[in-house]
Amino acid sequence: MTVDAAELRGRVEEFLAAHDPQRTDRLEFLRARFDAGLAWVHFPVGLGGLGAARELQPVVDEAFAEAGAPDNQPQLNVIGLGMAAPTILRFGTDEQRQRYLRPLWTGEETWCQLFSEPGAGSDLAALSTRAVRDGSDWVVDGQKVWTSLAHRARWAILVARSDPDLPKHKGLTYFICDMTDPGVEVRPLRQITGEAEFNEVFLTGVRIPDSQRIGEVGQGWQVAMGTLMNERVAIGGRTPPREGGMIGEAAEAWRAHPEKRTPALHDRLLTLWVAAEATRLTSIRLRQQLAIGEPGPEGSAVKVAFAEQNQAITGFELEFLGEDGLTYDDWTFRQPDYASLTKRGAGFRYLRAKGNSIEGGTTEILRNVIAERVLGLPPEIRTDKDRPWKELPR
Amino acid sequence: MSAPDLLYTELEEDLRATVRRLLRERCDWTAVLARCESEEPYDLDLWRTLAGELGLAALLVPEDLGGAGASARELAVVAEEVGRAVAPVPFLGNVLVTAALVACAEREVLPQLADGSRIGTLAVGLTTAPHAAFPRSVKADGTSLTGTVSAVVDLEVADHVVVPAVDGDGAALYLVDTAASGVTRTPTTPLDLTRRFGTLELAGAVGKRLASGADAERALRRALLTAAGLLASEQVGLAQHCLDSTVDYAKTRYQFGRQIGSFQAVKHRLADLWVEVSTGRAVARNAADALAQDTEVDLAVALAQAHCSDLVVLAAEEHLQLHGGIGMTWEHPAHLYLGRAKSSQLTFGIAETHRQRIGELADLPTP
Ligand SMILES: Cc1cc2nc3c(=O)[nH]c(=O)nc-3n(C[C@H](O)[C@H](O)[C@H](O)COP(=O)(O)OP(=O)(O)OC[C@H]3O[C@@H](n4cnc5c(N)ncnc54)[C@H](O)[C@@H]3O)c2cc1C
């Protein structure tokens, strides 16, 4: 039996009749919604879903929104929802799924991603954080960096090196790390916008029970690749509206300032508008492909195009604004709850968008991925693949 | 017409070496970063050394007005070094005000600016293009000035401001002491933490008239052309730094068991940037030479700005991107360079504005 849109609408109606969103406690409401399988409808029954098609999620979200129901504030738990959840679903044990998915979805527990290290970014498999087996625990030591939102996360997905004698891709193991463990120290790392959205994380003798391992020992790379595929695809709940992203800000600025318009800038704005719309439609196409189970290469294309355009558009916006483009709204140091490109000044948008071509895989790496995996071009010659990790130049 | 001299003389290279040495000692980027959010974002001691002891502020001032009687060619070399170091000194305001005062043959304040004992600026919005219409936001009634000018560079540290104003005779330039009554200065929070600007409000402040009518217009235009031309050199210096520092990083950063500079994707990017910086240097030198020779200044400056103001942003953006995550952090200087680069792109008009101007000057009219 597959669940269709009509049936989903019916279920939401039923649910709302039993749980008046205005009268039910927010958390109770969200937990009940999860238990009713109306959280992420494509997840299995019992884990917040109904095994429905992924494309039907908006049906449910819209019905709840119309009823004025509280949502799970997905923007506050981007890594949990976008990366940890699909990874736990696919590679986790039943106990892990039961333990982590519900509080993750409701937002009671948020997540961060302890992957990158000072010496290992694009080359994630080169990481050197050690995990050493000690009875039923693992003892983890190392340093992570650029960890977005570690300052508010309850849990982390973590990749560590469990065997330095093996080639770099083979000696990794994937864990769930408790961010409240005393061996975990989170230090804010200020970024060019003035805020500390990301952090350095120092792991010193952190004891992780083996029950928090995800996948087999030594299978960390495969699990991490699964996570990263999800990061790059990063499917949100709703279809992005026209002018929904950075182009909307630029378009608003254009409408608000007729005195600053010139024919040359007009042409540039329209060129950017066309490119943004093309990317938006490509991302919709990607969603539709995913819904019928055929993830295409558009994921990488969208990430590359999105990063390039965000940067071009925010740069254009400053140039268009002229004198106002020389100013900055606020350099005050803060640790935000989530990364937002809107609600701040144009200067902030310009600086923050610079991260779009670095975070979650750089544009250069994604181009390599497209060239090699999509176009089938021969890979770069690799000398590091089959040698033990500990012998590699660093 | 003889070809412009686009190389550096031995004297200019000596000057560069001196300035670079001083900036390396006194103003490495950690010092710039530490300063930029403090109470004293500018290093005025450093400025006094540069301007007074090394005599850089006197370069543009003719000998008969108490200066060194050098030219924009020498100053352009200084500008390159200021850009390379993103030095937090009132350099641009100094160029603007000095050029304006020289054009007016002013004799009282100029020597004090030239010896570094006093600081000055010109009250025009920082994004004003050299060929823009004479500003009308300040009105003069006798010696009394009223009006507001926003985005005035180096305003907070200036002792003197040359103010374009409109009076009974039309355009005029006035000299205002910032300590005088009726003068209010409000700093703005800048994207470029190393170059400051603010809003100047004049409410019946006393000014001394320096020039009027066509002379005032000519002096203002000369000041803007000089500063915009020299800004191109500053942009080239900044771009060169971004290129150098990224090349260094590409040689020392290992990923996938290799230096990242061994990837063709990175190599080609850096090669492209080198091509851009080379062409940028040529047009910036051309502008400096044109200012020095006083030939085809308008075209040379428009050309330099049309090219260098985009080049500098490209360089700063590549600098950040090729440094990966470390470039996104506050502790790395990439943001200081990016802020200066992006702001300087807007300064004296964006590339489009200058291309438009070239259309007029090169007889390539709009449809
Ligand atoms: C805003 C932001 C948020 C982040 N959040 C997180 C997070 O939450 N968790 C986490 O684990 N990490 C996070 N990161 C880290 C991010 O994943 C890494 O910065 C990224 O993978 C790049 O690695 P790197 O910084 O080491 O750059 P490097 O790998 O050193 O790359 C330097 C330059 O070389 C290029 N390069 C490298 N290899 C190649 C190649 N083979 N071919 C061509 N070019 C190449 C790169 O594209 C880049 O331009 C974040 C980064 C940013 C900027």
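The values are calculated or read from the model by the stated rules, or taken from the named source; none is laboratory data. Quick caveat: nothing in here was measured; it's all calculated off a predicted structure. Neighbour counts are summed over all protein chains in view; Cβ atoms, including those assigned to glycine, are modelled from backbone coordinates with ideal geometry. Quick note on the areas: whole protein, heavy atoms, side chains included, nothing else; ligands and nucleic acids left out. Shrake-Rupley method; radii C 1.70, N 1.55, O 1.52, S 1.80 Å.
Taking the options A:Ala307, A:Ala276, A:Ala353, name whichever one is of a type outside the set (Phe, Trp, Tyr), open to solvent by less than 40 Å² (accessible area, probe 1.4 Å), within 21 Å of the chain's Cα centre (by Cα) and more than 16 Å from the ligand (Cβ to nearest atom).
A:Ala276
Inside the stretch B:200-253, residues that are in contact with a helix residue (DSSP H, G or I) (Cβ under 7 Å, 6 or more places away or on another chain), part of a strand (DSSP E or B) and open to solvent by less than 10 Å² (accessible area, probe 1.4 Å) make up a count of 1. Residues of the stretch B:41-62 that are surrounded by fewer than 18 Cβ atoms within 10 Å (Cβ to Cβ), in contact with a Ser or Thr (Cβ under 9 Å, 6 or more places away or on another chain) and not in a helix (DSSP H, G or I): B:Leu54 alone.
Regarding B:Leu75, is this residue touching a helix residue (DSSP H, G or I) at 6+ places or on another chain (Cβ under 7 Å) and within 14 Å of chain A (Cβ to nearest Cβ)? Against the criterion (touching a helix residue (DSSP H, G or I) at 6+ places or on another chain (Cβ under 7 Å) and within 14 Å of chain A (Cβ to nearest Cβ)), B:Leu75 does not qualify.
Checking A:Thr327, A:Thr332 one by one, the residue that is farther than 21 Å from B:Met328 by Cβ, facing chain B (nearest Cβ under 10 Å) and surrounded by fewer than 21 Cβ atoms within 10 Å (Cβ to Cβ) is A:Thr327 and no other. I want to confirm something. Restricting to the stretch A:140-155 and keeping residues that are more than 9 Å from the ligand (Cβ to nearest atom) and away from chain B (no Cβ under 14 Å), which single residue is nearest to A:Asp178 (Cα to Cα)? That would be A:Trp155. Within the stretch B:272-291, identify whether any single residue is assigned to a helix (DSSP H, G or I), touching a Gly at 6+ places or on another chain (Cβ under 7 Å) and within 11 Å of the ligand (Cβ to nearest atom), and answer yes or no. No, the conditions are met nowhere in the stretch B:272-291. Filtering the stretch A:347-389 to residues that are in contact with a Gly (Cβ under 9 Å, 6 or more places away or on another chain), more than 11 Å from chain B (Cβ to nearest Cβ) and over 13 Å from A:Ser300 (Cα atoms) leaves only A:Pro388. Within the stretch A:357-378, the set of residues being open to solvent by 60 Å² or more (accessible area, probe 1.4 Å) and either within 6 Å of the ligand (Cβ to nearest atom) or of a type outside the set (A, V, I, L, M) (or both) comprises A:Glu359, A:Arg367, A:Glu372, A:Arg373, A:Pro378. Filtering the stretch B:140-158 to residues that are within 22 Å of the chain's Cα centre (by Cα) and open to solvent by less than 40 Å² (accessible area, probe 1.4 Å) leaves B:Val149, B:Ala151, B:Val152, B:Val153, B:Asp154, B:Leu155, B:Val157, B:Ala158. State whether the residues of the stretch B:306-319 include one that is of a type in the set (Asp, Glu) and more than 14 Å from chain A (Cβ to nearest Cβ). Checked against the condition, which is being of a type in the set (Asp, Glu) and more than 14 Å from chain A (Cβ to nearest Cβ), the stretch B:306-319 yields no hits at all. Looking only at the stretch A:50-68, residues that are open to solvent by 20 Å² or more (accessible area, probe 1.4 Å) and either modelled with pLDDT of 90 or more or closer than 25 Å to A:Phe198 by Cβ (or both) come to 10 in all.
Screening the stretch A:62-116 for residues that are more than 20 Å from the chain's Cα centre (by Cα) and charged (D, E, K, R) and picking the one that is nearest to the ligand (Cβ to nearest atom) gives A:Arg99. You will find that of B:Leu113, B:Leu145, the residue that is farther than 23 Å from B:Phe348 by Cβ, modelled with pLDDT of 95 or more, of a type outside the set (S, T, N, Q) and not in a loop (DSSP other than H, G, I, E, B) is B:Leu145 and no other.
Count of the stretch B:351-367 residues, restricted to those that are under 26 Å from B:Asp244 (Cβ atoms) and either at the interface with another protein chain (Cβ under 8 Å from one of its Cβ atoms) or of a type in the set (Ser, Thr, Tyr) (or both), is 0. Filter the stretch A:279-304 for residues that are assigned to a loop (DSSP other than H, G, I, E, B), open to solvent by 30 Å² or more (accessible area, probe 1.4 Å) and closer than 25 Å to A:Glu359 by Cβ; which is modelled with the highest pLDDT? Only one residue fits best here, namely A:Pro297.
Inspection of the stretch B:257-272 identifies no residue that is modelled with pLDDT of 95 or more, surrounded by 24 or more Cβ atoms within 10 Å (Cβ to Cβ) and out of contact with any strand residue (DSSP E or B) (no Cβ under 8 Å at 6 or more places or on another chain).
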